[in-house]
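Have a look at the structure below before the remarks.
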Amino acid sequence: MGSARVVVTGATGHVGTSLLRLLSEDPRTGSVLGLARRVPEEAPPKTEWASVNLASEGVDPAREFTGAAAVVHLAWAFQPTHDPAATWRTNVLGSIRVFEAAARARVPLLVHASSVGAYSPGPKDHAVDESWPTHGWPDAAYCREKAYLERALDSFERDHPAMRVVRMRPAFLFKRESASEQRRIFGGRFLPGTLTRPELLPFLPDIPGLRVQALHTDDAAKAYFLALHAPVRGAFNLAAEPPVDAELLGEMLGSRPVRLPRTAARSAIAAAWGLHLLPASPHLFDAVLRLPLMNCTRAHTELGWWPEHLAPDVLREFLGGTHEGAGAETVTLRGHGVG
């Protein structure tokens, strides 16, 4: 891919800003075109912006894809959580437009941002590889959409065997610059400031099944970057060690885990979501409790990828960024402090 042109959708977002930084420093990348609904005034070296709304039925990004060596599809909308038809139009129909446009433009490589959320319910006591079923959790729009796109890519790969298709399935992603955005998406404007100050939390809820994996966004972006240059296809799990649960968080934050029944936690989340006080839905909470732990051996052996950040360090950075109102110079990642 010497002097190659790379197109990145969702380039101003969480993973996109990290990936653009890597591409701008890569001598093998000739130029980068970042697609986003709202483009910044400034761009990293070798990068140009184009304003594209993938949710619009009249949009055909094939023109932007013409001559590209690769399309990295990162664009995704988490809200409005109360209007799943809207996120379906953006995430599912918009993604299918990207896939079809890449084929029409004869792009040789498509890298798609899937997720641990695409996986069917699985174990919490051992990790699964990429062959685990990807049917999602049907009640959660995020999982339903990620799983549907896995099926769409199954058909797409069959119909376009000459195109190399890579699917990244990262764990929950965090970095300091995304803290304000993620607080808005999942916590909402009513999130108590105390929750961003770990030293003020006397205890942590220990909910059965709440054992997940985390990953620094820069480490995820590195995997996308490596896939541009490695002759690989298919899916790759991406996660850092160790898995995160109440015991680890308690040790990390100096708080005491207190057992909380799953039904009590869900009822509280459902009430807040129903009153539009909390953007994160109880259906997503149900899914998180059922997501499997992921084995990342394939990424280690075939991509040569290893995360540089341990999960506790990732969470410390994110919590610090949340309290400080950290952000970045894009509309998507704009910083905002918490009182």
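Just to be sure, is A268 over 23 Å from the mean Cα position of the chain (by Cα) and modelled with pLDDT under 90?
So A268 passes the test.
Check every one of the helices (runs of 4 or more DSSP H) wholly within the range 5-124 and list those with 3 or more residues that are modelled with pLDDT of 95 or more and within 21 Å of R144 (Cα to Cα).
Filter on the range 5-124 gives 94-104.
What number of residues in the range 1-51 are in contact (Cβ under 8 Å) with a residue 40 or more places away in the chain and among the hydrophobic types (A, V, I, L, M, F, W, C)?
Within the range 1-51, residues that are in contact (Cβ under 8 Å) with a residue 40 or more places away in the chain and among the hydrophobic types (A, V, I, L, M, F, W, C) number 12.
If you take just the helices (runs of 4 or more DSSP H) that sit entirely in the range 260-327, which of them hold at least 2 residues that are surrounded by fewer than 21 Cβ atoms within 10 Å (Cβ to Cβ) and among the β-branched types (V, I, T)?
Correct list: 262-274.
Results for (1) over 19 Å from L293 (Cα atoms); (2) without any contact (Cβ under 8 Å) to a residue 24 or more places away in the chain; (3) not in a strand (DSSP E or B), shown as yes or no for each residue.
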{"position": "P205", "(1), (2), (3)": "yes, no, no"}
{"position": "L210", "(1), (2), (3)": "no, no, yes"}
{"position": "D219", "(1), (2), (3)": "no, no, yes"}
{"position": "Y224", "(1), (2), (3)": "yes, no, yes"}
{"position": "V232", "(1), (2), (3)": "yes, no, yes"}
{"position": "A240", "(1), (2), (3)": "no, no, yes"}
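Given (1) assigned to a loop (DSSP other than H, G, I, E, B); (2) more than 21 Å from the chain's Cα centre (by Cα); (3) crowded, with 19+ Cβ neighbours inside 10 Å, where does F156 come up short, assuming only one miss?
(1)
Taking the range 114-153 as the region of interest, how many residues are surrounded by fewer than 19 Cβ atoms within 10 Å (Cβ to Cβ) and β-branched (V, I, T)?
The qualifying residues number 1.
May I ask you to list the residues in the range 38-55 that are of a type in the set (S, T, N, Q) and touching a Lys or Arg at 6+ places or on another chain (Cβ under 9 Å)?
The answer is S51, N53.
Answer yes if at least one residue in the range 65-72 is under 24 Å from Y142 (Cα atoms) and touching a strand residue (DSSP E or B) at 6+ places or on another chain (Cβ under 6 Å), and no otherwise.
yes
Here is a list of conditions, (1) modelled with pLDDT of 95 or more; (2) under 24 Å from P138 (Cα atoms); (3) of a type in the set (F, W, Y), and F225 meets all of them except one; can you say which number that is?
Condition not satisfied by F225: (2).
Is the range 80-94 home to any residue that is buried (at least 21 other Cβ atoms within 10 Å of the Cβ), over 30 Å from L275 (Cβ atoms) and touching a strand residue (DSSP E or B) at 6+ places or on another chain (Cβ under 9 Å)?
No, the range 80-94 contains no residue that is buried (at least 21 other Cβ atoms within 10 Å of the Cβ), over 30 Å from L275 (Cβ atoms) and touching a strand residue (DSSP E or B) at 6+ places or on another chain (Cβ under 9 Å).
Scan S267, S281 and give me the residue that is under 20 Å from C143 (Cβ atoms) and of a type in the set (S, T, N, Q).
Just one listed residue meets the conditions, S281.
The values are calculated or read from the model by the stated rules, or taken from the named source; none is laboratory data. All values reported here derive from a predicted model rather than from experimental measurement. Heads up, the Cβs are rebuilt from the backbone with ideal geometry, glycines too, and the neighbour counts pull from every protein chain shown.
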